[in-house]
Amino acid sequence: MSPMFVPGPVDVHPDVLAAQTRPMLPHRSKEYEETFHRAENNARKLFGTQNRVFICASSGSGLQEAAVRNFARKSVLSCVNGAFGNRWHSVAESNGKDAHKLEAEWGQPVTPKVVAEALGRKEYEILTVVHNETSTGLQNPVDEIAAAARRVSPETLICVDAVSSLGGAPIEMDAWGLDFVLTSSQKALALPPGLALGATSDRALDRAKTVPDRGWYFDLVKLEESRIKNSTPATSAVSLVYALDYQLERILEEGLPARFERHRAMAERVQAWALARGFGLFAPEGYRSRTVTAVENLLNMDVPALNAFLMGRGMRIANGYGELKGKTFRIAHMGELTMNDIEALLDAMDEFMKT
Ligand code: PLP
């Protein structure tokens, strides 16, 4: 398998791919419900929650939409310091909400202080924040943000996008007081794209019951009625759930502390390499992602030429996101990747830089 160092979709282990090829089961059969139940139960361990995890047939953006439709009649405050914070704001706006942005410069963290100030000025039903901004390689201090938000505005529900961190970095939903945490299958969980997982607190579900016009497909109240029967209102993505179930068992077998440490060590190695070669790091120290590093391209390296070179060796990295294209490039270190893969990539990059 030739490794991809892009921030999703990432490489999927052959055994996980194979798990999808099991024969179909009716999604309302006892055998399938057992699989669904086991997957949900194991998923809770990754989110750090005793509550519930909805397993939906969509990508992660679907659950960004679910959050604004289920938890807010009107007012939404979105922390924006990268493309995906901005995406959530657009989702709120396009659903007709009174959508506001709390902006920080791209590459700088959203701080608990600015969140507390914003929530002190005006009441919002929900706060949205991206844990790991894939566009900038930055991890926002979600635990501290949540603590500050709860202190200033206890009624505001705290909704977190952990699309590119869940499974690669610790998330303690219950301990941090988060109300909704969503992720996608194709990033640190190292599954094919097509599933979104959304962990939901009791008080968030209670709020949803009071919000009109939640829609149908992502109505969390309806999803809960099915979930307690280990099912979904519409047809479940059976093959993907087979893969999820199998992969969660693999992840728990590796052990969460060991998995997080593997990601941390790969991140540190990539960061050290970049600095040693004279590049910069787009995110400041203390806020760097464990799953993807955005390297500041201070040496003006030709990123498409680099990628063409790497692809000749069966590898690829990602260019910078949007306007950061060329100014940064991104090396993902998530999912199944190991330090040996990272060393092979960095050797190849050194070779390219000598050409
Ligand atoms: N949020 C973050 C942090 C992401 O990185 C992405 C995709 O890259 C998304 C949201 C959107 O997720 P999806 O493409 O699964 O809808």
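Per residue, how much accessible area does the range 61-189 have with a 1.4 Å probe, in Å²?
Ligands and nucleic acids excluded, the result is 32 Å² per residue.
With unit charges on the beta carbon (Lys/Arg positive, Asp/Glu negative), name the residue among 315, 3, 164 whose Cα is farthest towards the positive pole of the charge dipole of the chain.
Checking the options against the dipole of the chain, the answer is 164.
Given the protein chains as shown and a 1.4 Å probe, how many square angstrom of residue 266 are accessible, to the nearest 10?
Result for residue 266: roughly 0 Å² accessible.
Can you tell me the equivalent ellipsoid semi-axes for the range 120-235? Use √(5λ) from the Cα gyration tensor, largest first, whole Å.
23, 21, 12
For the range 296-355, what does the alpha-carbon gyration tensor say about shape, rounded, prolate or oblate, given a ≥ b ≥ c as the root eigenvalues, a/c under 1.5 as rounded, and a/b over b/c as prolate?
It comes out oblate by the Cα gyration axes.
When 1/r is averaged over all different Cα pairs and the result inverted, which Kirkwood radius in Å belongs to the range 260-325?
Result for the range 260-325, one decimal place: 12.8 Å.
Round to a whole number: what % of the accessible area of the chain belongs to carbon and sulfur, probe 1.4 Å?
With neighbouring chains kept in place, the figure for the chain is 50 percent.
Mind checking the dipole of the range 193-342: about its Cα centre, +1 per Lys or Arg Cβ, -1 per Asp or Glu Cβ, Debye to the nearest 20?
Here the size comes out at about 260 debye.
Sorted by accessible area with a 1.4 angstrom probe, largest first, how do 100, 333 fall?
The residues order as 100, 333, largest area first.
Divide by every residue of the chain the summed helix terms, -39500 (n - 2.57) for each DSSP H run of at least 4, and state the resulting mean residue ellipticity at 222 nm, rounded to the nearest 500 deg cm²/dmol. Please list the in-between numbers first.
Numbers: 13 runs with 151 residues, N = 355.
Helices in the chain give a 222 nm mean residue ellipticity of -13000 deg cm²/dmol.
Sort 319-326, 189-196 by the packing proxy (mean of other Cβ within 10 Å over each peptide's residues), most packed first.
Highest-to-lowest ranking by the protection proxy: 189-196, 319-326.
Which pairs in the list 97/325; 45/187; 113/325; 30/209; 97/122 are over 21 Å apart, alpha-carbon to alpha-carbon?
Working: 97/325 31 Å; 45/187 17 Å; 113/325 31 Å; 30/209 29 Å; 97/122 15 Å.
Over 21 Å apart, Cα to Cα: 97/325; 113/325; 30/209.
Quick one: dipole size for the chain, taken about the Cα centre, charges +1 on Lys/Arg Cβ and -1 on Asp/Glu Cβ, in debye to the nearest 20.
500
Using the membrane-span-like helix rule (whole DSSP H runs, Cα extent along the own axis of at least 20 Å, mean Kyte-Doolittle hydropathy at least -1.0), which helices of the chain qualify?
The answer, listed by residue number, is 238-254, 256-276, 339-354.
Exactly which trypsin sites (Lys or Arg not before Pro) in the range 1-47 are in a DSSP loop and have at most 14 other Cβ atoms within 10 Å? Display every interim value, and only then the final one.
Values: sites: 28, 30, 38, 44, 45; in loops: 28.
Sites meeting the loop and neighbour criteria: 28.
May I ask for the Rg/Rh ratio of the chain, computed from Cα atoms with Rh as the Kirkwood radius, given to two decimals? Provide the component values of the computation, followed by the final result.
Numbers: Rg = 20.1 Å, Rh = 20.6 Å.
On the Cα set of the chain, Rg over Rh gives 0.97.
Under a cut-off of 22 Å between alpha-carbon atoms, report the lysines in cross-link reach of residue 354, not counting same-chain residues fewer than 8 places apart.
In chain and number order, the partners are 327.
Taking the simple approach of a point 7 Å from Cα along Cα-to-Cβ for both residue 50 and residue 113, what is their distance in nm?
3.6
Loop only per DSSP, at most 16 neighbouring Cβ atoms within 10 Å: give me the trypsin sites (Lys or Arg not before Pro) in the range 68-143, ordered by residue number. All intermediate terms of the calculation are to be shown ahead of the outcome.
Working: sites: 69, 73, 74, 87, 97, 101, 113, 121, 122; in loops: 73, 74, 97, 122.
Answer by residue number: 73, 74, 122.
Hey, can you find the accessible area per residue of the range 218-351 for me, probe 1.4 Å, expressed in square angstrom?
42
The values are calculated or read from the model by the stated rules, or taken from the named source; none is laboratory data. Quick caveat: nothing in here was measured; it's all calculated off a predicted structure. Please note: Cβ atoms are built from the backbone with ideal geometry, for glycine as well, and neighbour counts cover all protein chains shown. Ligands, DNA and RNA are stripped out before the accessible areas are found, and what is left, the full protein with its side chains, is counted by its heavy atoms. Shrake-Rupley method; radii C 1.70, N 1.55, O 1.52, S 1.80 Å.
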